[in-house]
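Presented below is the structure to which this report refers.
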């Protein structure tokens, strides 16, 4: 028999000991990266037509389809920029991250601060628009106070959802809402074009210079790019996704098709169904807050109109809520990025102790978004949005151009086409064109929209002043990067480990697991009075075909005793630690562990994380469809989700002796 000293020497300190906190969403697995980007982007893009169309039509009049077509071209340019930048430096932050590598921390903050403003505006516009589409269900929903109440409820719900976090397996729901929305818009387009097909109704109202005026046309063009915030929200996941180059190219193609078909088609239908009269259109006045409802209300016969009013009212409300939720998700991740890079106070990016989400940033954003809601003026909010969006997109495009020369040899899973070799780098013409368009659009908004000029200007000046003062107070340079450890943002209290539950499986990894628990218990014994207890249990799985008190085979009893005796010897090598052993019966290993933890009232469970199943295929092969987090196996997953206490996972690296290759026997 191995001596106690030799036995203790064999207990290796595991290389991965993690106190379980649901960290920001991690995406992995084949295809799930592209799915995440598409789901997040499609949600924001598809919903923006519901509130942007009225503003754009009110300014661009008969040229509204042209405005959306040109916005679609800019959309393609910007999408390519963000895809190349996202795979080049896989960090959350979007334009802020690109500016960090192309320039410095100050420019990174400017881009990030501008996008934060846009996220707030999109949340405010979306929740205000919900009430106008809900008039299908509640005719008075668009009155002032019902609008405020609905907006407040929506923002509170969004805040709660984002504080609790978005699990990977919920991405399928996000994608489903986005696809239903696009499908509904496509059906509206098909039915509408069958009823309204006279394009002369549009062309005869166009008198460029007066209907629309140049100023209004330019502003309408800029607001039409509101959909691009979906790109920024999706780019916030760059640090968490893995997508092959073919998937990224497919993402660009599909995104382009959705924007051009839906946006241009719906805008053309809009100005045919609700024609321009002189220098105004009902889309920009009567239906300004719910323009798509204005389109379907022109359908005939009456029952078709009523059917589509209900469809659009319900689908639009869901899509707008999801768009606001997506914007809050992007805002929370950007806030976390700014906090970890020392660009805003760490307290703002503090993570929730249970959900590991930046709950303080989400709370502040919720309050600010509701303040913007109080304006109840979508045209005013759209102008402020354009100010921040064009500034951030201009910085993103310029950053990609600079990175082509600063980091020309870094591998890129996706490269913007139409690039001209220049010196040691290359000049991507689409990114250069995007930078010129965005800069020109930003200047036009500053000159033409007083609300954007004042509110947007004050927001940026206040942010830059705050950044300078904060960096000076921290005695840090304005332009250089310094990072705050992620653990510093975790709002977790000091945990006591008076009683620790350790499941034993009769494997070599048991030594590591008990060793981990022993060290934690020994530290607890040193700090307090008396000893700490390790509750070592061996779970005997009883199949459903037998009663729970069925006779257990003798060899299984012997195996359990041997494993528990070894665990007792290993654990009690640590000073002040007592190991209590027991074998328990359960239908599944996970169920047995959770029930014992609850019954014994332990402070923590130390568990060896088994590898996830490698089974693929459809239901016939036992596989499961949809995106799933495959970082742990089923037993570990069950314990993490159901445990009444803290769970600590421990496992040596793959390939080391003692690594468990599958689920417990």
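The values are calculated or read from the model by the stated rules, or taken from the named source; none is laboratory data. Fair warning: this is a prediction, and the values are worked out from it, not measured in the lab. Here the Cβ positions follow ideal geometry from the backbone for every residue, glycine too, while neighbour counts run over all protein chains shown.
Of note:
- So residue 360, is it in a helix (DSSP H, G or I) and touching a residue at least 12 places away in the same chain (Cβ under 8 Å): yes
- Residue in segment 594-609 that is in a loop (DSSP other than H, G, I, E, B), in contact with a strand residue (DSSP E or B) (Cβ under 8 Å, 6 or more places away or on another chain) and either at pLDDT below 80 or at positive phi (or both) present: yes
For every residue, the table says whether it meets (1) at pLDDT below 95; (2) outside any helix (DSSP H, G or I); (3) more than 17 Å from the chain's Cα centre (by Cα).
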residue: 135; (1), (2), (3): yes, no, yes
residue: 152; (1), (2), (3): no, no, yes
residue: 155; (1), (2), (3): no, no, no
residue: 162; (1), (2), (3): yes, no, no
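- Residue count for segment 85-103, restricted to those that are in a helix (DSSP H, G or I) and within 19 Å of the chain's Cα centre (by Cα): 7.
- Residue 278 meets the conditions (1) out of contact with any strand residue (DSSP E or B) (no Cβ under 8 Å at 6 or more places or on another chain); (2) over 29 Å from residue 158 (Cα atoms) in every case but one. The failed one is (1).
- Residue 422 meets all of the listed conditions (1) in contact with a helix residue (DSSP H, G or I) (Cβ under 8 Å, 6 or more places away or on another chain); (2) free of Cβ contacts under 8 Å to residues at least 60 places away in the same chain; (3) under 30 Å from residue 150 (Cβ atoms) but one, namely (3).
- The selection criterion, being within 18 Å of residue 364 (Cα to Cα), modelled with pLDDT under 90 and in a helix (DSSP H, G or I), does not hold for residue 169.
- The single condition among (1) closer than 23 Å to residue 644 by Cα; (2) without any contact (Cβ under 8 Å) to a residue 60 or more places away in the chain; (3) buried (at least 16 other Cβ atoms within 10 Å of the Cβ) that residue 559 does not meet is (1).
- Single match in 120, 106 (criterion: in contact (Cβ under 8 Å) with a residue 60 or more places away in the chain, surrounded by fewer than 21 Cβ atoms within 10 Å (Cβ to Cβ) and part of a helix (DSSP H, G or I)): 106
- Residue within segment 611-621 that is surrounded by 14 or more Cβ atoms within 10 Å (Cβ to Cβ) and either modelled with pLDDT of 80 or more or within 17 Å of residue 507 (Cα to Cα) (or both) present: yes
- Evaluation of residue 351 against the conditions (1) farther than 18 Å from residue 82 by Cβ; (2) surrounded by 17 or more Cβ atoms within 10 Å (Cβ to Cβ); (3) out of contact with any strand residue (DSSP E or B) (no Cβ under 6 Å at 6 or more places or on another chain) shows that the sole unmet condition is (3).
- Subset tally (residues that are over 30 Å from the mean Cα position of the chain (by Cα) and without any contact (Cβ under 8 Å) to a residue 12 or more places away in the chain) for segment 442-459: 4
- Residues that are part of a helix (DSSP H, G or I) and either exposed (fewer than 14 other Cβ atoms within 10 Å of the Cβ) or outside the structural domain of residue 326 (by TED's automatic domain parsing) (or both) within segment 137-150 comprise 144, 145, 149, listed in sequence order.
- Subset tally (residues that are surrounded by fewer than 24 Cβ atoms within 10 Å (Cβ to Cβ) and within 21 Å of residue 270 (Cα to Cα)) for segment 66-103: 5
- Any hit, segment 213-226, residues being in a helix (DSSP H, G or I), at negative phi and at pLDDT below 85: yes
- Single residue of segment 512-547 satisfying the filter (part of a loop (DSSP other than H, G, I, E, B) and modelled with pLDDT of 80 or more) that is surrounded by the most Cβ atoms within 10 Å (Cβ to Cβ): 542
- Screening the candidates 439, 433, 462 for the property of being in the same structural domain as residue 331 (by TED's automatic domain parsing) and touching a residue at least 60 places away in the same chain (Cβ under 8 Å) yields one hit, 433.
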